[in-house]
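Accompanying notes for the structure given below.
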Amino acid sequence: MTNNRTKSSSNSIKYEETNSISDKSKTGKSHKLTDRDERIMVRRIMIDEYFTAVSIQKSLKIVDKIEVSENTVRRTLNRNGVGFLYKIDGGLDAELYQRILDEDFLDILEYYSLNHENIIFQQDNDSKYIAKRI
């Protein structure tokens with residue numbers, strides 16, 4: 001009963017303000033992705049089905065018939081906690097790995113407001129990670 005009274009009150013207030021009980025038109029651009037679409041995108045990245053924002057964008061277009069920009073994909077992944085994605089052309093060698101650590105790793109920690117002293121950095125013993133550079 002209370003819900004009906006509340007709904008009735010809100011409708012009468014809405015009518016007084018707009019001369020209509022219809023919802024006000026929404027401002028701004030409508031979202032192309034539903035919550036379900038966003039979960040699908042995150043799942044595809046997390047299970048290594050796709051590796052780049054471009055590949056996710058293409059899969060959305062072909063498989064799901066949803067057209068969005070690469071930037072929309074990146075924003076959605078960031079918003080859902082996936083973080084930064086970097087495309088590495090070719091293979092990862094010791095020099096590139098060192099450059100990523102030097103140029104990007106600390107920026108990512110700063111972006112997420114993480115203190116580098118509280119981070120435990122782990123890596124396997126792949127030769128590119130343990131190579132001694134002169």
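Using a simple spin-label model with points 7 Å from Cα along the Cα→Cβ vector, what separation in nm is obtained for Gln98 and Thr34?
Label at Gln98, label at Thr34, 5.1 nm between them.
As an exercise, identify the trypsin sites (Lys or Arg not before Pro) in the stretch 55-104 lying in DSSP coil whose Cβ has no more than 12 other Cβ atoms within 10 Å.
Answer in residue order: Lys65, Lys87.
All of the numbers you see were taken from the coordinates with simple rules; none came from a lab. Source: prediction; values computed, not measured. Don't worry about glycine lacking a Cβ; one is built from the backbone with ideal geometry, like all the others, and counts go over all protein chains shown.
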